[in-house]
Amino acid sequence: MVVLLAVSSVCALSLGTPYVPPHRLVAAVLDGDTTLAGIVVTELRVPRLLLALVAGACLGAAGLVLQEALRNPLAVPEMLGVSSGAALGVAAPLVLTLSLPAAVQPLLAIGGAALGGGLTLLVAGLGRSPSAVLLTGAAVAAALQAALLVLMVMADQLDLQLIYRYLLGSLSARTWDDVTGLWPWLLVAGPALVLCAPVLSVLRLGDEDAEALGVRAQRARLAALAIAVVLIAPVTAVCGPVAWVGFLAPHLSRWFAPVAGAVRWLPWSAAWGAVVVAVADVPARLALAPVETPAGAWTALLGVPAGVALMRSGGRRRTARHGQAASVGAREQLSELRRTASGVVDDVPPAAASHHAHRGEPGPGGPTSPPLGTIGTEDVR
């Protein structure tokens, strides 16, 4: 993680037009370099890199919250109507030519995300299983995407290009104002995540066990969805729906720490989400230069096969670990039976045992008790 983050950060700040050598980056950032290269680094590349890190961390944490709350590794914002609802809330004013201040966009995104997530829970029913919520969310997301397509048909050519680039998730032309606009939402979501992590660990046990431990599963799941909305909607308002980060980051955190719980997975998932978006933004900016490609296209292109591979390898690791645990338990049980059997034989007086064995009569252990020293593995089995 550290190597990927360092390499992607240096590439994001150095490569491009103009090219800034890595040894000049510190001076350009800290000394207030007024040259063209210094202005490009401080006013364009540094806020873009910070926005990639913050957006990835929010999406990674939100993905883990949704997966743990619904107990399903496929529960991602794109399949629950949250990302589609947030995108619809931001894209609708563009098509309808409504003049709104930039500060209202996060509120529109939160309203759309809450609409998508709330509609999913309402249609599925709060008392239904997490699998039913996931399937219903996929249907709601498809309906919201259809509404987005209708808006795109109604838009003119200029608005269509803006909406198309936005829907794929792009970090192009982002400034310090976009970065500072996310901090109020992070101040709300940060403490909520700290309080939510232990509850997520309890929800993994199932609704009945969670109720037995004092956690109201339905309310906890609704609260988890609200936290995910607060994390996803502001990022979607600024960057668009950057796809599959909430799917890949939780699987990376579980793959590197398979026996940990949600309390440990949550910060690692946020860190991996930040790394994924920072790494994906480098080819998005440079692969087809001077034309920029959306970062969301690269996260989907790299994230989907990597996430599927992690799920398959994680399943094999869990199977092997359960098999090893079962084998160890069987060996311990066999050893315990051997100790018990040897203890029963040791309680027989040597003289009585040799007397019965010499005469061929049944011993103290029963009518078919073998002579001393002949109890082996087959007898214990």
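Some notes on this structure:
- S201 vs. criteria surrounded by fewer than 23 Cβ atoms within 10 Å (Cβ to Cβ), of a type in the set (S, T, N, Q), touching a residue at least 24 places away in the same chain (Cβ under 8 Å) and outside any helix (DSSP H, G or I): no
- Some residue of the range 112-126 being outside any helix (DSSP H, G or I), more than 21 Å from the chain's Cα centre (by Cα) and under 30 Å from D207 (Cα atoms): yes
- Taken together, the residues in the range 220-262 that are of a type outside the set (G, A, S) and touching a Ser or Thr at 6+ places or on another chain (Cβ under 8 Å) amount to 11.
- Tally, over the range 71-104, of residues that are surrounded by fewer than 23 Cβ atoms within 10 Å (Cβ to Cβ) and over 28 Å from D159 (Cα atoms): 4
- Total residues in the range 20-54, condition exposed (fewer than 13 other Cβ atoms within 10 Å of the Cβ) and in contact (Cβ under 8 Å) with a residue 12 or more places away in the chain: 3
- Test: residue in the range 68-89 that is over 22 Å from G303 (Cβ atoms) and under 26 Å from the mean Cα position of the chain (by Cα): yes
- Of all residues in the range 265-312, exactly one satisfies the criterion of being among the polar types (S, T, N, Q) and either more than 16 Å from the chain's Cα centre (by Cα) or in a loop (DSSP other than H, G, I, E, B) (or both), namely T293.
Values quoted throughout were computed directly from the atomic coordinates according to the rules given, and no laboratory measurement underlies them. Since this is a predicted model, take the numbers as computed values, not measurements. Ideal geometry is used to build each Cβ from the backbone, glycine not excepted, and the neighbour counts take in all protein chains shown.
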